[in-house]
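Structure first, then comments.
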Amino acid sequence: MFDGDNLQNIMKYINEVQSDSEFGGAINRLKRYLKDTEMDSKYIFELEQQAFYMKNDYSDKDNANKRNEAKKKVINYIEKIMSNGANYDNLADILDNFYFFIESFLERAPDKRGGIKKEQLNEIKIENEYDVQFLLYAYLKPIYPMARTEVSDDTGYNTVRVDIELDPNNVIEVKCTRDTMQRKKLVEEIEADMIHYNYENIYFFIYDKSKIIDNPSKFKSTYERKVNDKTIHIIIHQPKIL
């Protein structure tokens, strides 16, 4: 049985299986997990290659040896996927550069020979944090292929849902200000999330659409700190458009 639906538990189970049928079931579970995280199909194909071995109908010992080798290859492959591009030392810079993506995507005029028209891009508007999350996830997914959205996190006394989980240690919580939001409300949300989320690194991605943060540098220095065993990162964008 799997203890929870996360990659670490699946990998632990793979390492512990003792039969070909258990191994096959674990690999199928892992493939479904990767599909649920919208992984590129090439990763699924390469995973199947790592997991494949020819069974020996006459030797359980030979099968056990082959299965153990396949288990090692699968676990090493998943660890490789998790580490690909995942230089978290640069994550804050990547998040800081998000608005360059927005400007390049929406402000540059498409080539007239293409099917995408400027009028179509003009229809794209960021109205709330769901829009920010949608675009931010698309921006980050090629860099962090294990990223997932709307991940449930059991805090021990209740369950919270995080916006974007990059891996079990790094999470992004998206905030988008609005005209009716007071700065105090934004701070209260951030302070509550600091306490509730069980991640080593919590990145608050604040899309200050209504510009309620009058001094972004001071706001960042005030709330970017260590809280127990968690490191808090503050990223603020005050857009020119949208």
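Structural remarks
- Farthest towards the positive end of the charge dipole of the chain, among the residues Phe98, Thr149, Asn169, is the Cα of Phe98, using unit charges on the Cβ of Lys, Arg, Asp and Glu.
- Label reach from Phe134 (point 7 Å along Cα→C-beta): in the range 87-124, amide nitrogens under 20 Å belong to 98-108, 116-124.
- Largest-first ordering by accessible area, 1.4 Å probe, given options Phe98, Phe134, Phe52: Phe134, Phe52, Phe98
- Rounded percent of accessible protein surface that carbon and sulfur make up, the range 127-219, 1.4 Å probe: 47 percent
- Net charge, Asp89 excluded, C-beta distance under 15 Å - Lys, Arg +1, Asp, Glu -1: -4
- Magnitude of the charge dipole, the chain, Cβ model with Lys/Arg +1 and Asp/Glu -1, debye to 20: 560 debye
- Shape box of the chain [Cα atoms, principal axes, largest first, Å]: 73, 54, 27
- Net charge in the neighbourhood of Glu189 (other residues with Cβ under 14 Å of its Cβ; Lys, Arg +1, Asp, Glu -1) is -1.
- Check: the range 101-219 dipole with +1 on Lys, Arg Cβ and -1 on Asp, Glu Cβ, in debye: 620 debye
- Our summary gives the chain a relative contact order of 13 percent, counting only alpha carbon pairs under 8 angstrom and 6 or more residues apart.
- Each of Ser221 and Ala64 was given a label point 7 Å from its Cα along the Cα-to-Cβ line. The distance between the two points is 6.4 nm.
- When nucleic acids and ligands are ignored and a 1.4 Å probe is applied, Thr159 ends up with an accessible area of around 90 Å².
- Cross-link reach list, aspartates and glutamates versus Lys184, counting only Cα pairs under 13 Å and skipping chain neighbours closer than eight places: Asp214
- Interchain or long-range residues, amide H under 5 Å from Lys175's placed H: Phe205, Ile206, Tyr207
- If R0 is taken as 51 Å, the Cβ-Cβ distance between Lys55 and Asp89 corresponds to a FRET efficiency of 0.70.
- Å² per residue, accessible surface of the range 83-242 at 1.4 Å: 55 Å²
- Compared with the dominant Cα axis of the chain, that is its longest principal axis, helix 7-16 is turned about 10°.
- Cross-link table Lys35/Lys125; Lys117/Lys218; Lys112/Lys220, entries beyond 31 Å C-alpha to C-alpha: Lys117/Lys218; Lys112/Lys220
- 11 Å beta-carbon shell around Asp179, net charge (K/R +1, D/E -1): +3
- Listed residues Gln50, Gly24, Gln133: farthest to the positive end of the dipole of the chain (Cβ charges): Gln133
- Separation of the Glu150 and Asp229 label points, Cα + 7 Å toward Cβ, nm: 3.0 nm
- With all protein chains kept in place, the per residue accessible area of the range 12-60 amounts to 67 square angstrom at a probe of 1.4 angstrom.
The values are calculated or read from the model by the stated rules, or taken from the named source; none is laboratory data. This one's a predicted model, so the numbers in the text were calculated from it and none came from an experiment. FYI the Cβ positions are ideal-geometry reconstructions off the backbone, even for glycines, and counts take in every protein chain you see. Side chains are part of the model used for accessible areas, which takes the heavy atoms of the whole protein and leaves out ligands, DNA and RNA. Shrake-Rupley method; radii C 1.70, N 1.55, O 1.52, S 1.80 Å.
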